[in-house]
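Since the structure comes first, as structure tokens, the remarks are kept for the end.
The values are calculated or read from the model by the stated rules, or taken from the named source; none is laboratory data. Predicted model, so just to flag it, every value in this text is computed and none were measured. Ideal geometry is used to build each Cβ from the backbone, glycine not excepted, and the neighbour counts take in all protein chains shown.
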Amino acid sequence: MPLVKVEDVSKIYKTNGIPFPALNGISFSVEKGEFLSLAGPSGSGKTTMLNLIGCLDKPTEGSIFLDDKDISAGKSSELADIRRYNIGFIFQTFNLIPILTSFENVEFPLILKGDLSREERRTLVEEILEDVGLKDLMQRKPSQLSGGQQQRVAVARALVKKPKLILADEPTANLDSKNGEEVLELMRQMNEKSGATFIFSTHDRMVMDFACRLINLKDGKIESDEKRG
């Protein structure tokens, strides 16, 4: 059973009453543990697709299933629970809380879950920060970290609650090529270690080259779907 199944999904936005189709009849599935990129130029629909899979939006038509549950039909409260427990997000702008330390930023999603003691949270946070190479910097705030280090904190924050699915929207867009490559290699290692499924949206060739599967989108449709080594 695939982790994600997208069935004939369309998404239409309206601007000043004029319909704008962002996705047009998309269908594909994602197996557990995949390391996949949705690629394409601006306006291709890749970020829209990521937002639909991440329960941040709903399709106009079609269905999306996460672990065989139809998330396209869920209520807002149900979708919030799915995001809280099953999905981790990594953003191009890092989206760290500036007044919190690295430790506190990573701990935050565990506090929102509300099912762990303070000591259990501390253990998980310290373990994941060590995994991403930042255990010695856990008391630093984002302003005291480089861009690459901030994105490592964001990766740790996404993974700390052990989600089934990690969604990364242009994760290298604000990094130089060296830091971008290091963060991608880190995510690939975490994919292999944790078994979490990674889906990226990107137009960065380096991200595409790291992917084990590449779905190219153009004008809201799948242009190609290629599995690699």
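Listed here are the residues, each with its yes/no results for (1) in a strand (DSSP E or B); (2) touching a Gly at 6+ places or on another chain (Cβ under 7 Å).
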position: 140; (1), (2): no, no
position: 172; (1), (2): no, yes
position: 183; (1), (2): no, yes
position: 189; (1), (2): no, no
position: 201; (1), (2): yes, no
position: 206; (1), (2): no, yes
position: 216; (1), (2): yes, yes
position: 223; (1), (2): yes, no
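Return yes when residue 42 is within 17 Å of residue 222 (Cα to Cα) and in a loop (DSSP other than H, G, I, E, B) and no when it is not. Step through it out loud before you land on a result.
Numbers: within 17 Å of residue 222 (Cα to Cα): yes; in a loop (DSSP other than H, G, I, E, B): yes.
Yes; evaluated as a whole, the condition is true for this residue.
Quick check: anything in the range 92-104 out of contact with any helix residue (DSSP H, G or I) (no Cβ under 6 Å at 6 or more places or on another chain) and among the hydroxyl-bearing types (Ser, Thr, Tyr)?
The answer is yes, given that some residue of the range 92-104 is out of contact with any helix residue (DSSP H, G or I) (no Cβ under 6 Å at 6 or more places or on another chain) and among the hydroxyl-bearing types (Ser, Thr, Tyr).
Tell me which of these residue 78 doesn't satisfy, since it passes every other one: (1) surrounded by fewer than 16 Cβ atoms within 10 Å (Cβ to Cβ); (2) assigned to a loop (DSSP other than H, G, I, E, B).
Here residue 78 meets the rest and fails (2).
Checking the conditions here, which among 129, 124, 112 is in a helix (DSSP H, G or I), at pLDDT below 95, hydrophobic (A, V, I, L, M, F, W, C) and within 21 Å of the chain's Cα centre (by Cα)? Even if it seems obvious, please write down each step before you answer.
On the way: 129 fails: at pLDDT below 95; 124 fails: at pLDDT below 95.
Answer to the check: 112.
Check the range 215-225 and report whether any residue there is closer than 20 Å to residue 88 by Cα and acidic (Asp, Glu). Quick ask: steps written out before the conclusion?
First pass over the range 215-225, keeping only residues closer than 20 Å to residue 88 by Cα: none.
Scanning the range 215-225, I find no residue that is closer than 20 Å to residue 88 by Cα and acidic (Asp, Glu), so the answer is no.
Checking the conditions here, which among 193, 141, 178, 162 is exposed (fewer than 15 other Cβ atoms within 10 Å of the Cβ), basic (Lys, Arg) and farther than 20 Å from residue 33 by Cβ? Quick ask: steps written out before the conclusion?
Numbers: 193 fails: farther than 20 Å from residue 33 by Cβ; 141 fails: exposed (fewer than 15 other Cβ atoms within 10 Å of the Cβ); 162 fails: farther than 20 Å from residue 33 by Cβ.
Just one listed residue meets the conditions, 178.
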